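Input: a single structure, listed below in structure tokens.
The values are calculated or read from the model by the stated rules, or taken from the named source; none is laboratory data. Everything quoted here is computed from the prediction, not taken from an experiment. Ideal geometry is used to build each Cβ from the backbone, glycine not excepted, and the neighbour counts take in all protein chains shown.
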Amino acid sequence: MKTITLKTDDTFFNKVTNLSKHLHMSKSELIRKSVIEYENYIKKQALKEQIKESSMRVRVSNKAIIKDFDETNSDGLTDV
């Protein structure tokens with residue numbers, strides 16, 4: 001395994017220490033898991049943004065289709 005040195009203030013160090021004790025894991029394991037969780041969070045946020053953008057494109061496309069359909073509804077069929 002590789003080693004990463006992390007400089008931090010006392011408050012953050014104490015938070016990590018207390019949380020690691022509470023969860024019965026080493027500080028290294030806590031930080032590794034935290035980084036993995038944060039990476040997953042970032043990926044989920046990016047996926048949500050992609051879905052939102054795709055949804056907006058579909059919405060615009062659907063509006064155009066509905067407009068075309070509405071125009072065909074009044075294509076001389078009013079007397080039928």
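For the range 40-54, indicate whether the set of residues that are of a type in the set (Gly, Ala, Ser), surrounded by 10 or more Cβ atoms within 10 Å (Cβ to Cβ) and at pLDDT below 95 is non-empty.
Here is the first cut: in the range 40-54, the ones of a type in the set (Gly, Ala, Ser) are 46, 54.
In the following step, the residues that additionally are surrounded by 10 or more Cβ atoms within 10 Å (Cβ to Cβ) were identified as 46, 54.
From what's left, at pLDDT below 95: 54.
Yes, some residue in the range 40-54 is of a type in the set (Gly, Ala, Ser), surrounded by 10 or more Cβ atoms within 10 Å (Cβ to Cβ) and at pLDDT below 95.
For residue 34, state whether it is of a type outside the set (Asp, Glu), part of a helix (DSSP H, G or I), modelled with pLDDT under 95 and surrounded by 10 or more Cβ atoms within 10 Å (Cβ to Cβ).
Working: of a type outside the set (Asp, Glu): yes; part of a helix (DSSP H, G or I): yes; modelled with pLDDT under 95: no; surrounded by 10 or more Cβ atoms within 10 Å (Cβ to Cβ): yes.
No: the conditions fail for residue 34.
Mind checking which pairs have a first residue in the range 12-32 that is polar (S, T, N, Q) and a second that is modelled with pLDDT of 95 or more and surrounded by 12 or more Cβ atoms within 10 Å (Cβ to Cβ), Cβ under 6 Å, 6 or more apart or different chains?
Between residues of the range 12-32 that are polar (S, T, N, Q) and residues that are modelled with pLDDT of 95 or more and surrounded by 12 or more Cβ atoms within 10 Å (Cβ to Cβ), the close pairs are 20/27; 20/30.
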